[in-house]
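The block underneath contains the structure these notes are about, expressed in structure tokens.
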Amino acid sequence: MKSNRHGLQAGKLLGIGGHYVALGAISLLMLVPFLWMLSTSLKEPAKIFVFPPEFIPSSIRLENYTEVLANTPFHLFYWNSLYIAILVTVGTVLFASIAGYAFARIPFRGRNIVFLVLLSTMMIPHEVTSIPMFLFMRMLGLINTHVPLIVLPIFGAGGIFGVFVMRQFFLGIPKELEEAAMIDGCSRWRIYWSIMLPLAKPAIATLTIFTFLTSWNEFYDPLIFINDREMMTLPLALSLFTDEVGTAWHHLMSASVMATLPLLIVFFFAQKQFIEGVSMTGLKD
């Protein structure tokens, strides 16, 4: 009996150990591209593709970073990406929270049908709508400006996804809170602003991270709407390090490391809210 118990414990420990080994191996596999990017950004150009590969450079070359900053208007690319991502995030959170509250709490005829129609627009491939959007923006004289990069994501698929997230969260808030506020004389706007919005911090944090990351990494829309170099965002500007001669890998990886830093900072400070928001917004239907 005792030997059977020890055998079960050993098997359980072996299973837990195998579980951690598998997770560690998968994590290491996912870290390899990031480590290669970081290592390449610090190497001499001649040592990037040596075999066997060196993940720890024998000599650190920080000039890769200074050359990127000196030879390109990298601060402009950074500023363009940063302020566009912030405006898109603020606009999306505001639009999605108002619309999500309306779909979750305000009864009106055809509410569910309108919501399903909105959700169905997320199924349309972005490439299908890009040409009509380009023609429409050209008619308005907004090509080679940042307006399409700000307005279209707020009211496009990203905004609709935000409406879905916020609606799911508001459905989980007890109706008694809203009814008590109405008895006290609160208007719909006051209930939304003073009661619902403070309670929705986890969902707002999740939506903020999703929207900021998507806007920061957006490549397709800037490629369509932006022509001038000074108007480029970071993902589009990274293509400048590749030409008909080849790719300046040491400069490209240095620029990529600098472009990745804000994402790491945002996720590091907001990972708790991100996990809470995902778990709380995915339970209600």
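The values are calculated or read from the model by the stated rules, or taken from the named source; none is laboratory data. On a predicted model such as this, the values are computed, not experimentally measured, just so you know. When we count neighbours, we look across all protein chains shown, and the Cβ atoms used for this are built from the backbone with ideal geometry, even at glycine. Ligands, DNA and RNA are stripped out before the accessible areas are found, and what is left, the full protein with its side chains, is counted by its heavy atoms. Shrake-Rupley method; radii C 1.70, N 1.55, O 1.52, S 1.80 Å.
Put simply, of LEU69, LEU23, LEU29 the only residue that is part of a helix (DSSP H, G or I) and within 30 Å of GLN168 (Cβ to Cβ) is LEU23. Flag set for TYR65, criterion: more than 28 Å from ALA205 (Cβ to Cβ), among the aromatic types (Phe, Trp, Tyr) and at pLDDT 85 or above.
Restricted to helices (runs of 4 or more DSSP H) entirely inside region 149-234, those with at least 3 residues that are more than 15 Å from VAL88 (Cα to Cα) and either open to solvent by less than 40 Å² (accessible area, probe 1.4 Å) or not assigned by the TED database to the domain that holds ILE113 (or both) are 157-171.
A quick yes/no check of all residues on (1) farther than 17 Å from THR260 by Cβ; (2) of a type in the set (Asp, Glu); (3) within 29 Å of the chain's Cα centre (by Cα); (4) open to solvent by less than 70 Å² (accessible area, probe 1.4 Å):
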{"site": "LEU28", "(1), (2), (3), (4)": "yes, no, yes, no"}
{"site": "PRO45", "(1), (2), (3), (4)": "yes, no, no, yes"}
{"site": "PRO52", "(1), (2), (3), (4)": "yes, no, no, no"}
{"site": "PHE55", "(1), (2), (3), (4)": "yes, no, yes, no"}
{"site": "SER58", "(1), (2), (3), (4)": "yes, no, no, no"}
{"site": "HIS75", "(1), (2), (3), (4)": "no, no, yes, no"}
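Per-residue answers, yes or no, for (1) under 14 Å from the mean Cα position of the chain (by Cα); (2) over 15 Å from PRO153 (Cβ atoms); (3) hydroxyl-bearing (Ser, Thr, Tyr):
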| position | (1), (2), (3) |
| --- | --- |
| MET182 | no, yes, no |
| ARG188 | no, yes, no |
| ILE195 | no, yes, no |
| THR206 | yes, yes, yes |
| ILE226 | no, no, no |
